[in-house]
Amino acid sequence: MLVSDSAVRFELPPPGGVAWLDVSVEDSDGNLGRKRTGPLGLQITPLAQSRAPYFFKGARLRGTRCIWSASTVSGAELYRPPRAPAHQQSDGYVHLLARSDCPGSVFDPLGSSLQGALRIIEPAEEVVEQFVANAHLYTLNVPQAAIGIEPGTLAAMFDRTFELTPFQSQLLRSAVSLLLVGGDELNSSASLVGVDRYLASLTGLLLRTAVRKPTAELEQIASVRARTDAIIYEQAADPMLTPATIAAQLNISLRQLYRAFNGTDSPAARIRSRRLERAAELLSSRTVQPHVERVAQQCGFVSAEYFSRAFRREFGLSPRAYRAANKDRPASDSAVSL
């Protein structure tokens, strides 16, 4: 039975109210893999080729203008497509996203983060976050004017990743208690104004205490990304190539590999994209016309059926239709510039 979109959204609660969302592989609706809408409009789906359990369990609180959420996430990808510039100009809000690698639930009274990051996101910006293992996710949606930071200073912080300090982690964990109260205690006008002021002050303090990631760490991330892309380019045709085997070649953990790609396409997505690019090259070749099943094998796909579905999603045509469409094209159109 299909479930309506409204049944799988992280519903926006009324002012002073708290909304809960619980998504996992154990859902009884049979819709594992469907997109669920979480905080900041992020779409929640299982992370490809992840061995971690898949779940998203969180709550969010709405004041009159500010929204705060905390969630426990594992084995999931959160994605938000880019929005039109006009939407960004009319939004006037700051979207803040913090995450930390933590065992247990974000609602546990005690807990300590292993490592974390803080991002300040423009409302129109594309967002991609992968959670290969258990982590805590916090989001804030606050009007820029309420934060009390100069627009120029705030603009310089957009699209940057900051290290989440122990002090900031404690600030976020303290704010989780609001989600466990909510409801009747916060439904008066005075309480709602207080909630907005508290969340705006929390956002401002997080931004004012933000510490940019050390240059050495950024260089290490760039190195992991470059070496990963080189391995994928050279070995994508090997059906045994996976994020786990790449991590082994780089002598790092799978978690470290995925962490290096936070905010961009995951290693699994990059493997798939390279295989599909190579398949498109073979299918548009004017000299060799192998069967579709043979193309799938040569490009590292174990299943021809999965290859056909993935190819259609990427290029809008089935492999056979793509080959037919390129069959009669002039050689100059299909040539590849080097």
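Details
- Filter result (over 28 Å from Val132 (Cα atoms) and either without any contact (Cβ under 8 Å) to a residue 24 or more places away in the chain or small (Gly, Ala, Ser) (or both)) within segment 298-318: Gly316, Leu317, Ser318
- Every pair of residues 6+ apart whose Cβ atoms lie under 7 Å, when the first sits in segment 166-182 and is assigned by TED's automatic domain parsing to the domain that holds Ala70 while the second is assigned to a helix (DSSP H, G or I) and surrounded by 12 or more Cβ atoms within 10 Å (Cβ to Cβ): Gln168/Leu206; Leu171/Leu202; Leu171/Leu205; Leu171/Leu206; Ala175/Leu202
- Some residue of segment 204-221 being closer than 27 Å to Gly300 by Cα and assigned to a helix (DSSP H, G or I): yes
- Screening segment 264-283 for residues that are crowded, with 17+ Cβ neighbours inside 10 Å and among the small types (Gly, Ala, Ser) and picking the one that is nearest to Thr161 (Cα to Cα) gives Ser266.
- Checked against the criterion of being within 26 Å of the chain's Cα centre (by Cα), part of a helix (DSSP H, G or I), surrounded by 14 or more Cβ atoms within 10 Å (Cβ to Cβ) and at pLDDT 90 or above, segment 288-307 has at least one qualifying residue.
- Residue within segment 144-157 that is part of a strand (DSSP E or B) and either in contact (Cβ under 8 Å) with a residue 40 or more places away in the chain or in the same structural domain as Ala200 (by TED's automatic domain parsing) (or both) present: no
- Filtered by the rule that a residue be in contact with a Pro (Cβ under 7 Å, 6 or more places away or on another chain) and among the hydroxyl-bearing types (Ser, Thr, Tyr), segment 125-179 gives a lone residue, Thr139.
- Residue match in segment 158-180 (condition: modelled with pLDDT under 85, within 14 Å of Ala70 (Cβ to Cβ) and not hydrophobic (A, V, I, L, M, F, W, C)): no
- Qualifying residue in segment 253-262 (condition: farther than 26 Å from Arg99 by Cα and surrounded by fewer than 16 Cβ atoms within 10 Å (Cβ to Cβ)): no
- The one condition from (1) surrounded by 13 or more Cβ atoms within 10 Å (Cβ to Cβ); (2) farther than 26 Å from Pro123 by Cα that Ser189 does not meet is (1).
- Look at (1) over 19 Å from Gln43 (Cβ atoms); (2) at pLDDT 85 or above; (3) of a type in the set (Gly, Ala, Ser); (4) touching a helix residue (DSSP H, G or I) at 6+ places or on another chain (Cβ under 6 Å) and you find that Gly148 fails only one, number (2).
The values are calculated or read from the model by the stated rules, or taken from the named source; none is laboratory data. Remember, it's a predicted structure, so these values are computed and weren't measured experimentally. Cβ sites come from the backbone with ideal geometry, for glycine too, and all protein chains shown count toward neighbours.
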